[in-house]
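The values are calculated or read from the model by the stated rules, or taken from the named source; none is laboratory data. Because the structure is a prediction, the values reported are computed rather than measured. Cβ placement follows ideal geometry from the backbone for every residue including glycine, while neighbour counts extend to all protein chains displayed.
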């Protein structure tokens, strides 16, 4: 999806169970400030007929966007989308500034939090991580946001709400420690999704990108 035809190019990457149009209020503000805006709908999201997907298919979608439309100097990711953006830096994305909103710090946090929600043992979670590493021939750390943020260290903005019930706020604090070139903005009462529509958050993002 594409909006506008001039100005700095911004790529928006939604999270799990999301879609590009979730950013509609941010898109409106970016267009008003003369940004050229693009967004993905990852496999199994939006109007896709696909039923299953995973992190690396999100990354594939970003790679395709860069190949088809050219480079994006700015990137904004929500939830899993933030982790996907950093993994895309390992491929063909060369974003000069990155904003992540309510994103997990690492794959271990994602898996173990999922286990906690299902009330199953962390032993099962560690087996899942081992399976992921075996299937993709890489350590889970190498695909984690905090590892890649430390490796590339672009100018960045971490935005997270203390009342986020999907991705715990501690992920933001962990990430801040590993990403020296990023500022942390903590909000309250917005949760995991309403934060995308908060005007103060949107103004903070646009101000950072400008």
Legend entry - segment 111-123 - residue that is out of contact with any helix residue (DSSP H, G or I) (no Cβ under 6 Å at 6 or more places or on another chain) and free of Cβ contacts under 8 Å to residues at least 40 places away in the same chain and, of those, surrounded by the fewest Cβ atoms within 10 Å (Cβ to Cβ): 119
Legend entry - Residue check, residue 153 outside the structural domain of residue 30 (by TED's automatic domain parsing) and over 29 Å from residue 31 (Cβ atoms): no
Inset, instruction - Residue by residue through segment 2-35, note down the ones that are assigned to a strand (DSSP E or B) and either surrounded by 19 or more Cβ atoms within 10 Å (Cβ to Cβ) or free of Cβ contacts under 8 Å to residues at least 12 places away in the same chain (or both). - result: 9, 10, 11, 12, 13
Inset, instruction - List every residue pair whose Cβ atoms lie under 6 Å apart, where the two residues are 6 or more positions apart in sequence or sit on different chains, the first residue falls within segment 198-210 and is more than 12 Å from residue 27 (Cα to Cα), and the second residue, located anywhere, is assigned to a helix (DSSP H, G or I) and at pLDDT 95 or above. - result: 201/195
Legend entry - Which numbered condition residue 73 misses (of (1) surrounded by fewer than 17 Cβ atoms within 10 Å (Cβ to Cβ); (2) more than 17 Å from residue 209 (Cα to Cα)): (2)
Inset, instruction - Evaluate segment 39-53: report whether one residue or more is buried (at least 16 other Cβ atoms within 10 Å of the Cβ) and under 21 Å from residue 141 (Cβ atoms). - result: no
